[in-house]
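In what follows, a structure is listed as structure tokens, so that the remarks can point back to it.
No value in this document is a laboratory result; all are computed from the given coordinates. The model shown is predicted, which means the values in this text are computed figures rather than measured ones. Methodologically, a virtual Cβ is constructed for each residue, glycine included, from the backbone with ideal geometry; neighbour enumeration extends over all protein chains shown.
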């Protein structure tokens with residue numbers, strides 16, 4: 001059980017509280033969905049429940065937080081973590097080992113359990129989550145969705161009484177998302193208290209017992225899932241759709257001829273199975289969704305198409321002209337899933353100047369740079385450090401940088417991961433405009449809402465005849 005009684009929390013060196021006067025009770029066997037626009041206080045609420053606020057982040061806490069009817073004021077973070085298991089939005093933040101089996105075993109080894117007991121726990125956890133085929137895989141070779149499953153397995157293997165999931169659907173394919181909903185239902189039957197903080201809503205219909213909508217650090221509304229059906233209500237609080245159609249099978253297939261053509265693609269990771277074998281496809285101008293389960297090689301294909309990873313065999317032509325991997329790199333843009341990996345300069349305008357090939361200052365083209373930033377709603381942030389931006393602002397900046405050189409191909413890897421409804425729509429408009437301007441835009445995404453909004457065609461993985469990812473078990477808990 002989780003109880004928050006009139007809780008107000010202020011981070012160090014901040015004058016205004018991040019959350020204010022929060023009262024909340026989540027009972028055993030209950031699942032509560034917490035949602036709201038970016039900056040509403042969801043992440044802080046998660047940190048209050050799992051003890052990171054104030055035990056790690058420090059700051060000032062007012063009010064009372066009880067877990068299993070015990071106050072947390074006199075408990076250490078270690079004691080709280082034995083009661084509350086957390087899966088963070090970025091699962092890499094909670095990994096300690098180099099491969100999957102070792103990661104699942106890590107906490108149990110520290111508890112001094114026998115080798116036989118640890119092996120049993122690892123095997124049972126992997127079977128429940130359908131990840132037995134990647135037990136020997138390196139953590140760094142996993143897809144983002146697979147990492148999410150490993151992090152979830154590590155938490156559930158510790159058998160906590162309270163589970164907190166922070167944006168758990170952000171990197172999962174729709175099938176895995178549905179399975180995650182099944183896991184939450186099973187956790188409820190086992191008597192666990194579950195809190196899910198997420199922008200994507202549709203997958204929790206029939207699973208979440210209650211919905212809390214946060215706004216500016218307060219609980220603005222709460223009720224059952226049906227209250228999300230009001231489109232005006234969702235618009236007011238920047239929420240995603242409560243129901244989403246699955247358009248993956250209705251999107252048009254790729255044409256037989258296109259502006260960009262790939263032929264005879266063959267590729268395998270070092271010491272890994274063949275991922276693509278003699279594959280070929282044509283990409284039109286406009287927006288194409290790259291669709292496939294976690295681990296089928298979508299991000300790898302993006303790296304091959306941009307020349308960042310070298311093909312074992314294959315040929316790419318743009319408008320009928322062969323293009324070498326080196327030239328391909330100059331004619332393409334890639335927006336990574338983790339935007340922090342692409343932001344290196346000291347200001348937003350410098351970031352765009354470097355992407356445009358103008359050098360860090362861009363003195364002779366400053367007016368154009370500011371005009372481009374204005375197009376993406378970033379002009380007022382021109383002097384800000386890129387790492388100080390919000391998630392949605394960073395996403396818009398890296399897309400602006402990806403389009404700055406005028407690429408033939410722009411590939412976006414999960415561009416709406418972790419974005420609220422307002423920012424999702426804004427990113428969708430940017431993608432649609434790039435496609436209308438004649439760029440071949442490839443969107444790697446599991447976001448059904450985004451697919452339905454922007455995509456004209458679909459590239460489905462694995463290709464016929466390719467091995468794709470090894471099949472995993474589908475039995476969850």
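Odds and ends about this structure:
- Helix axis angle, 100-110 relative to the chain longest principal axis, alpha carbon, degrees: 30
- Sites residue 310 and residue 21 - FRET efficiency at Förster radius 56 Å, r taken between beta-carbons, to 0.05: 0.50
- Net length gained if the chain between residue 374 and residue 14 were fully extended (0.36 nm per residue, minus Cα distance): 126.7 nm
- Helices in the chain, meaning DSSP H runs of at least 4 residues, each add -39500 (n - 2.57). Divided by all residues, the mean residue ellipticity at 222 nm is -9000 deg cm²/dmol.
- Between helix 144-156 and the chain: long-axis angle, C-alpha atoms, 0 to 90°, nearest 10: 10
- Whole-Å distance, taken between Cα centres, linking segment 274-319 and segment 174-221: 35
- Counted by neighbouring Cβ atoms within 10 Å, the residues 69, 383 run from fewest to most as 69, 383.
- Spin-label pair residue 254-residue 274: with each label point 7 Å from Cα along the Cα-Cβ axis, the two points sit 1.8 nm from one another.
- Extension gain (nm, one decimal) between residue 56 and residue 243, 0.36 nm per residue minus Cα-Cα: 63.6 nm
- Angle between the chain longest axis and helix 391-403 axis [Cα atoms, degrees, rounded to 10]: 10
- Neighbour counting of Cβ atoms within 10 Å sorts the residues 227, 345, fewest neighbours leading, into 227, 345.
- Distance distribution P(r), segment 159-222, all Cα-Cα pairs, bin width 5 angstrom from 0: 4, 15, 28, 25, 17, 9, 2 percent.
- Translational diffusion of segment 132-279, µm² s⁻¹ [Kirkwood Rh, Cα pairs; Stokes-Einstein; 4 °C; 1.567 mPa s]: 69
- Label-point separation, residue 264 to residue 138 (7 Å along Cα→Cβ), nm: 2.9
- Fewest-first sequence of 339, 250, 10 by Cβ atoms within 10 Å of each Cβ: 250, 10, 339
- Computed extension length for residue 319-residue 76: 81.2 nm, one decimal, from 0.36 nm per residue of separation with the Cα-Cα distance subtracted.
- Distance between the modelled labels on residue 422 and residue 64, one decimal in nanometres: 3.6 nm (7 Å Cα→Cβ projection).
- Shape analysis of segment 2-237 yields a ratio of the Cα radius of gyration to the Kirkwood radius, Rg/Rh, of 0.97.
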